[in-house]
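Q: Supplied in structure tokens, the structure appears directly below.
The values are calculated or read from the model by the stated rules, or taken from the named source; none is laboratory data. From a predicted model like this one, the values you see are computed outputs, not experimental measurements. Note that each Cβ is placed from the backbone with ideal geometry, even for glycine, and that neighbours are counted across all protein chains shown. Accessible surface areas use protein heavy atoms only, side chains included; no ligands, DNA or RNA. Shrake-Rupley method; radii C 1.70, N 1.55, O 1.52, S 1.80 Å.
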Amino acid sequence: EMWGGLLYGGCVVVVPQAVSRSPEAFYDLLVRDQVTVLSQTPSAFRQLMAVDVARGRAGTLSLRYVVFGGEALDMRGLQPWFDRHGDQFPTLVNGYGITETTVFVTFHTVTAADTAHQGSGVIGAPMPLWQVHLLDERMQPLPVGARGEIYVGGAGVTEGYLKRDDLTRARFVPNPFGAGLLYRSGDQARHLPNGELEYLGRLDAQVKVRGFRVELGEIEGVLARHPGVAGCYVVPNRTASGDLRLVAYVQFAGARPEAAALQAHLRQFVPEYMVPALFVAVESFPLTANGKLDARALPDPDVARLASAPAAASAMTPTEARLAALWCELLGVPSVRNTESFFDLGGHSLLAIQLVHRVGKVFGVRLAPVALFEHTRLDGLAAYIDAMVEPPPPTDRGPAPPGP
């Protein structure tokens, strides 16, 4: 980023760390120093967009180009920027680069039409002097639309890792298509019909949830299509009992929907095992010193989670309170409302079997597993248990008359 400006006669503005942590101060710096080319991560730019909208003064920036890098770009989230500034001035450029290949390898000029793209970010075509190959597990080229790993060749491919010969051999491999080495990026992509590449996330971002392989980026892409979502980040999280669940951190645009509404939106497009168990609202995403999302600084999901049911919930009956304690223990959440659903809170068939067993021990009833699917809310299941525990009401008929 620095050499590009210096080699072409530009003035490089180095942003003080304190300013980079404050979107408002950073916006003021861009205006004051009349910055024309901004290189920034998508996470940091989302915060800058929020300041731009709040200031309400289009035209005060001098930007000609904004170059994104360091993270995957969700192009749908750029719609508020295009609504205010259009897509010509400044020009937004999505770059794909890797440290091991001396950074930028491909680029794509982003237009307003890209916000309608339903997949991940388009990273474009290779820059001059670069070769980008999309290969399968046998290092064979893949056709249009097929998912594969990105391999990079060219003058910028480095020689390897310092004192890490094993890792160097694993990542820097002989080039079957020409001279030199190819770098195995660990990134997934696919060719679009126009020849450009669409980034599909990291190979190591795949997680297994109850035996199902889950792509976190795919969940984020679908969740970002909800009109109330301005940004999102999905992470795997283990409960105290060791069960793996998905947690979605969400930055909202305008009114904040309930967790149940977000889950209903996701269920239209992804299977049940890909629907996060918990949703956590964040005002903005924490960033590292390099401007990337700082996952370790995200709030505790159990403390800050959104309720999966409307705020109005009645006081609990004794049965509901005892049942809620079982749910909290099994699901790894600190509290449960009597209007919330076992499955919306992360329950699944394996946990349902455990719940049936514990309900039998606590309430002394023999609960059929199907009852949990018929009465998913805590208040409904508690009423069902009460009906099993209480004796049937007496009949109004008196004793039978004596026989003749």
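Q: If Ala125 passes every condition in (1) free of Cβ contacts under 8 Å to residues at least 60 places away in the same chain; (2) part of a strand (DSSP E or B); (3) over 23 Å from the mean Cα position of the chain (by Cα) but one, which one does it miss?
A: Unmet for Ala125, out of (1) free of Cβ contacts under 8 Å to residues at least 60 places away in the same chain; (2) part of a strand (DSSP E or B); (3) over 23 Å from the mean Cα position of the chain (by Cα): (1).
Q: What strands (runs of 3 or more DSSP E) completely inside the range 30-121 contain at least 3 residues that are touching a Ser or Thr at 6+ places or on another chain (Cβ under 8 Å)?
A: Numbers: elements: 37-40, 65-68, 91-98, 103-110.
Once the strands (runs of 3 or more DSSP E) in the range 30-121 are filtered for at least 3 residues that are touching a Ser or Thr at 6+ places or on another chain (Cβ under 8 Å), what remains is 65-68, 91-98.
Q: Shifting gears a bit: For the range 111-120, does any single residue satisfy the condition of being open to solvent by less than 30 Å² (accessible area, probe 1.4 Å), at pLDDT 95 or above and not aromatic (Phe, Trp, Tyr)?
A: No: zero hits.
Q: What are the pairs, 6+ residues apart or on separate chains, where a residue within the range 373-388 that is touching a residue at least 24 places away in the same chain (Cβ under 8 Å) has its Cβ under 6 Å from a residue that is aromatic (Phe, Trp, Tyr)?
A: Filtered contacts from the range 373-388: Thr376/Phe342; Thr376/Phe343; Ile385/Phe363.
Q: Another question, if that's okay. Take the conditions closer than 26 Å to Val53 by Cα, without any contact (Cβ under 8 Å) to a residue 60 or more places away in the chain and crowded, with 21+ Cβ neighbours inside 10 Å and apply them to Phe252. Does it pass?
A: no
Q: Which of (1) among the small types (Gly, Ala, Ser); (2) within 23 Å of Val333 (Cβ to Cβ); (3) at pLDDT 85 or above is the odd one out, the single condition Ala179 does not satisfy?
A: (2)
Q: Need the failing condition index for Gln131 against (1) under 21 Å from Gly70 (Cα atoms); (2) open to solvent by 70 Å² or more (accessible area, probe 1.4 Å); (3) not in a strand (DSSP E or B), just the number.
A: All conditions pass for Gln131, except number (3).
Q: Any idea how many residues of the range 5-29 are in a helix (DSSP H, G or I), free of Cβ contacts under 8 Å to residues at least 40 places away in the same chain and open to solvent by 50 Å² or more (accessible area, probe 1.4 Å)?
A: Within the range 5-29, residues that are in a helix (DSSP H, G or I), free of Cβ contacts under 8 Å to residues at least 40 places away in the same chain and open to solvent by 50 Å² or more (accessible area, probe 1.4 Å) number 5.
Q: Quick check on my filter: what residues within the range 264-289 are over 23 Å from Val51 (Cα atoms) and either exposed (fewer than 14 other Cβ atoms within 10 Å of the Cβ) or touching a strand residue (DSSP E or B) at 6+ places or on another chain (Cβ under 8 Å) (or both)?
A: Let us first name the residues in the range 264-289 that are over 23 Å from Val51 (Cα atoms), namely 264-279.
Passing the criteria: Arg267, Gln268, Pro271, Glu272, Tyr273, Met274, Val275, Pro276, Ala277, Leu278, Phe279.
Q: Same structure, new question: Just a yes or no: is a residue in the range 42-54 without any contact (Cβ under 8 Å) to a residue 24 or more places away in the chain and surrounded by fewer than 15 Cβ atoms within 10 Å (Cβ to Cβ)?
A: yes
Here's the yes/no breakdown for (1) among the polar types (S, T, N, Q); (2) loosely packed, with under 12 Cβ neighbours inside 10 Å; (3) under 26 Å from the mean Cα position of the chain (by Cα); (4) over 19 Å from Tyr96 (Cβ atoms):
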position	(1), (2), (3), (4)
Pro141	no, no, no, no
Gly145	no, yes, yes, no
Ile150	no, no, yes, no
Gly154	no, no, no, no
Thr158	yes, no, no, no
Phe172	no, no, no, no
Ala189	no, no, yes, no
Asn194	yes, yes, no, no
Arg202	no, no, yes, no
